[in-house]
1. Which is in contact (Cβ under 8 Å) with a residue 12 or more places away in the chain, buried (at least 17 other Cβ atoms within 10 Å of the Cβ) and touching a Gly at 6+ places or on another chain (Cβ under 6 Å), of Ile47, Ile33, Ile69?
2. Within the set of pairs 6+ apart or on separate chains, which have a first residue in the range 152-163 that is within 16 Å of Tyr77 (Cα to Cα), a second that is buried (at least 19 other Cβ atoms within 10 Å of the Cβ) and modelled with pLDDT under 75, and C-beta atoms under 6 Å apart?
3. Can you name every residue in the range 50-65 that is open to solvent by less than 30 Å² (accessible area, probe 1.4 Å) and over 27 Å from Gln226 (Cα atoms)?
4. Residue by residue through the range 165-183, note down the ones that are modelled with pLDDT under 75, in a helix (DSSP H, G or I) and open to solvent by 80 Å² or more (accessible area, probe 1.4 Å).
5. Can you name the condition, by its number, that Ser14 falls short on among (1) closer than 30 Å to Tyr269 by Cβ; (2) touching a strand residue (DSSP E or B) at 6+ places or on another chain (Cβ under 8 Å)?
6. Name every residue in the range 191-248 that is over 24 Å from Ala268 (Cβ atoms), in contact with a Lys or Arg (Cβ under 8 Å, 6 or more places away or on another chain) and open to solvent by 50 Å² or more (accessible area, probe 1.4 Å), in order of residue number.
7. Collect the residues in the range 121-152 that are small (Gly, Ala, Ser) and at pLDDT below 90, keeping them in residue-number order.
8. Cβ-Cβ under 9 Å, sequence separation 6+ or interchain: first residue in the range 1-18 and more than 16 Å from Ile131 (Cα to Cα), partner open to solvent by 80 Å² or more (accessible area, probe 1.4 Å) and of a type in the set (S, T, N, Q). Which pairs?
Amino acid sequence: MKRIVNFNSFNVFSIEKEVWDVEYHNHNFYELIIIEKGKGFHHLNGIVFPYKKGDVFLLRPSDGHEFSIKSKTRFIYIKFTEQYIWENLLMNKKNELKKVIQLLMEDRSFVYESAINNKADRAHLLQLAHILLYEFSHQSRYNKDILTDIFSAIITVLIRNTMETTTHKKWIFQHVGRIEKILYYINVNVLDTDKMKIENLAKEFMLSPNYISIYVKKQTGFSIQQHIIQYKIKTAEKLLLQSHYNINEIADKLGFNDTSHFNKIFKAYQQKSPSEFRKENK
């Protein structure tokens with residue numbers, strides 16, 4: 001997986017795209033992505049779900065992602081490091097809020113959906129993002145102080161929205177960092193048949209084979225095998241569109257029993273065969 005490296009502790013910018021042209025990747029920083037306009041699909045840690053105007057995604061360094069754009073989309077990016085959080089946010093927060101911010105950074109609080117669902121909070125956060133973008137682009141007096149205050153307000157709005165839903169409360173107050181490590185491990189090693197055996201996966205995380213299966217299903221709603229298949233399907237899409245391998249070769253590279261099995265699984269997820277997918281998208 002490609003890794004994007006940024007050496008700035010804080011960065012804000014916007015881009016507009018009709019076609020997503022950045023391969024599946026992760027980062028060495030945290031990333032808050034706000035959808036200013038447009039719609040499409042977000043591929044996050046192997047799971048695909050739709051996005052629309054007003055959606056907000058908080059990504060940690062280990063998160064692998066990319067977008068598929070259906071209509072021209074304008075993204076606002078806020079990139080920041082753990083050091084920036086400590087020096088500019090945590091030092092001045094009350095203990096309770098400080099704890100929640102730390103949990104947001106350490107654990108996966110929102111999993112695969114937008115961090116903002118409340119209609120008013122969506123509008124407020126988008127306005128704050130516009131102000132932040134302006135201040136970052138215009139080096140005026142007290143600029144750094146204003147940037148810190150606005151960014152702090154964005155994080156606080158995000159937390160308030162998070163705390164309003166029962167589902168998100170559970171993610172905030174449970175230590176779920178382990179699930180992200182498991183999903184990341186699956187993503188990186190998905191083509192290694194030996195490492196993907198349940199007993200070896202369980203051993204890697206010092207869990208019993210039975211418990212790790214139950215744990216992953218409970219935390220994500222998908223079984224380990226479903227995660228493995230979804231990662232493979234995602235890889236198959238790339239090979240179909242970006243390589244000259246034939247269907248048989250792709251099936252073999254991805255570890256399917258035979259081409260027939262690959263066709264059947266791919267069609268179940270994409271509602272079309274691999275050859276149809278390649279033809280339509282090329």
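1. Ile69
2. Ser152/Leu89
3. The answer is Gly54, and nothing else.
4. Scanning the range 165-183 gives Thr166, Thr167, Lys169, Lys170, Phe173.
5. (1)
6. Listed by number, the list holds a single entry, Glu204.
7. Of everything in the range 121-152, those that are small (Gly, Ala, Ser) and at pLDDT below 90 turn out to be Ser140, Ser152.
8. These pairs meet every condition: Ser9/Gln83.
The values are calculated or read from the model by the stated rules, or taken from the named source; none is laboratory data. Since we're looking at a predicted model, the values are computed, not measured. For neighbour counting, all protein chains shown are included, and Cβ atoms are generated from backbone atoms with ideal geometry for every residue, glycine included. With ligands, DNA and RNA removed, areas are computed over all heavy atoms of the protein, side chains included. Shrake-Rupley method; radii C 1.70, N 1.55, O 1.52, S 1.80 Å.
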